[in-house]
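To keep things clear, I will list the structure first and then write my remarks on it.
Every number in this text was worked out from the coordinates using simple rules, so none of it is lab data. Treat the numbers as computed from the prediction; the structure is a model and nothing was measured. Positions of Cβ are backbone-derived with ideal geometry, glycine not excepted, and every protein chain shown enters the neighbour counts.
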Amino acid sequence: MTKYDKILIVIVVVISLFGMYLVKEKALNYNKKYVEIIVDGNEHSKYVLDDKIDKEIKVEVDEGYNIIHIHDGQVIVEESNCDNQLCVRKGVIEEPGELIVCLPHKVVVQITGTQEDLDSISY
Amino acid sequence: MNRTREFIFLALLTAFAVLLSVFENLIPLPIAAPGAKLGLANMIILSTLVVFGFKKSFTVNIVRTFLILIIIGNPISFIYSFFGAISSLIVMYIVYKYFSKYFSLIGVSILGAVAHNTAQVATASFILENINIFSYLPIMYLISLFTGFFVGFSSNFIVKHLNKILNKVDWR
């Protein structure tokens with residue numbers, strides 16, 4: 001291992017930490033959250049994500065199905081018949097910017113947010 | 001130069017790479033990111049690149065991805081791994097050829113892994129038409145440091161032994 005290898009490792013660590021910070025930073029600016037289910041690039045459905053919602057959605061595609069459960073401000077893919085099961089193993093997501101991807105079914109579940117101006121609410 | 005012997009060696013290396021790809025599919029990773037994997041087959045690709053040169057490792061790589069498509073039978077993940085494999089090989093080739101006095105095989109393979117992840121995430125976000133997939137990239141870079149290090153480290157030994165074997169059979 002040469003000196004430049006070590007420099008490279010440090011650079012990659014810095015880039016990835018900075019990237020994680022950016023993703024996190026972007027997520028914190030939102031105060032209203034939505035769950036979007038996107039199938040093959042087209043929006044399948046969209047829900048407001050809050051603590052009261054409790055919904056189970058079955059997304060059917062040509063290759064199979066995904067069962068998505070939205071509850072208590074969290075989203076989880078509970079069941080899927082895809083071969084790698086990455087979407088199920090990803091677990092719960094709850095912050096804007098987080099997403100669950102099921103590559104075999106081309107299904108994306110993502111949380112988005114909008115910024116609501118505090119002044120306009122109080123006014 | 002004995003072409004038949006060379007073909008046999010390349011065929012054996014391809015078989016090894018396919019075997020490692022199938023094997024790593026059976027190992028569950030702690031992090032569920034799309035397309036995250038150990039990249040064990042990259043050990044073979046990198047060693048082939050060092051010992052046999054760019055063209056032949058390119059062939060081994062392409063044949064490997066097509067064989068994986070036949071064995072595992074997932075056309076969508078084939079597209080991701082195909083672009084990932086090609087871009088990682090091209091980056092590793094450039095780094096190895098022009099910057100090998102700065103980087104050891106470890107650095108070469110880390111850069112290859114980074115290129116693989118970038119290409120894979122870009123392909124995924126293109127196919128799914130969703131730019132947010134790029135938010136997986138930082139964590140994948142961090143993983144690729146470990147896998148890239150391991151692959152580069154192991155490739156050193158493979159290259160050493162491969163050269164020893166090739167000198168012994170006197171194929172050149």
Item checked: In the stretch A:31-122, lysine pairs with alpha-carbon atoms under 22 angstrom apart (chain gap of 8 or more, or interchain) -> 17
Checklist line | Average other protein chain Cβ within 10 Å of Cβ, residues B:112-124 | finding: 1
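Taking a ≥ b ≥ c as the square roots of the eigenvalues of the Cα gyration tensor of the stretch A:1-107, is the shape rounded (a/c under 1.5), prolate (a/b larger than b/c) or oblate?
Taking the square roots of the gyration eigenvalues as a ≥ b ≥ c, the stretch A:1-107 is oblate.
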Next item on the list: Please give the calculated 222 nm ellipticity per residue for chain B, where each DSSP H segment of at least 4 residues contributes -39500 (n - 2.57) and the sum is spread over every residue; nearest 500 deg cm²/dmol?
Entry: -27500 deg cm²/dmol
Notebook entry, point to check: In the protein assembly as shown, what cysteines have no partner Cβ closer than 4.7 Å?
Noted result: A:82
Margin query: Which one, A:113, A:91, A:73, has the greatest fluctuation when you compute a Gaussian network model over chain A with C-alpha springs under 10 angstrom?
Written below: A:91
Item checked: On Cα atoms only, tilt of B:75-99 relative to the major axis of chain B in degrees -> 60 degrees
Check: Hey, got the average number of other protein chain Cβ atoms within 10 angstrom for residues in B:127-139?
Finding: 6
Check: How crowded by other chains is A:12-19, given as the mean number of beta carbons from other chains within 10 Å of each beta carbon?
Finding: 5
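So what are the stretch B:3-169's ellipsoid semi-axes, whole angstrom, largest first, if each one is the square root of 5 times an eigenvalue of the alpha-carbon gyration tensor? Write down the numbers at each step before the final one.
Values: eigenvalues 137, 66, 38 Å².
Semi-axes from the Cα gyration tensor: 26, 18, 14 Å.
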Checklist line | Relative contact order (%) - criterion: Cα under 8 Å, at least six apart; region: chain A | finding: 25 percent
Item checked: Calculated on alpha-carbon atoms, Rg and Dmax of the stretch B:113-161 in Å -> 13.9, 45
Notebook entry, point to check: Distance from the Cα centre of the stretch A:29-89 to that of the stretch B:139-172, in angstrom?
Noted result: 42 Å
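Using only helices, what value at 222 nm comes out for chain A when you add -39,500 (n - 2.57) per DSSP H run of length 4 or more and divide by the total residues, to the nearest 500 deg cm²/dmol?
Values: 3 runs with 35 residues, N = 123.
Estimated from H runs of four or more residues: -9000 deg cm²/dmol.
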Note to self: Output needed: percent of Cα pairs per 10 Å distance bin for the stretch B:1-75, bins running from 0 to the one holding the longest distance.
What the structure shows: 19, 48, 25, 7, 1
Next item on the list: Please give the helix B:3-25 orientation as an angle from the longest Cα principal axis of chain B, in degrees from 0 to 90, rounded to the nearest 10.
Entry: 30 degrees
Check: Per 5 Å bin from zero, what fraction in whole % of the C-alpha pairs of the protein assembly as shown is there, up to the bin with the longest pair?
Finding: 1, 5, 11, 15, 15, 14, 11, 9, 7, 5, 3, 2, 1, 1, 0, 0, 0, 0
Next item on the list: Report the calculated FRET efficiency for residue A:61 and residue B:8 (r = Cβ-Cβ distance, R0 = 45 Å), to the nearest 0.05.
Entry: 0.55
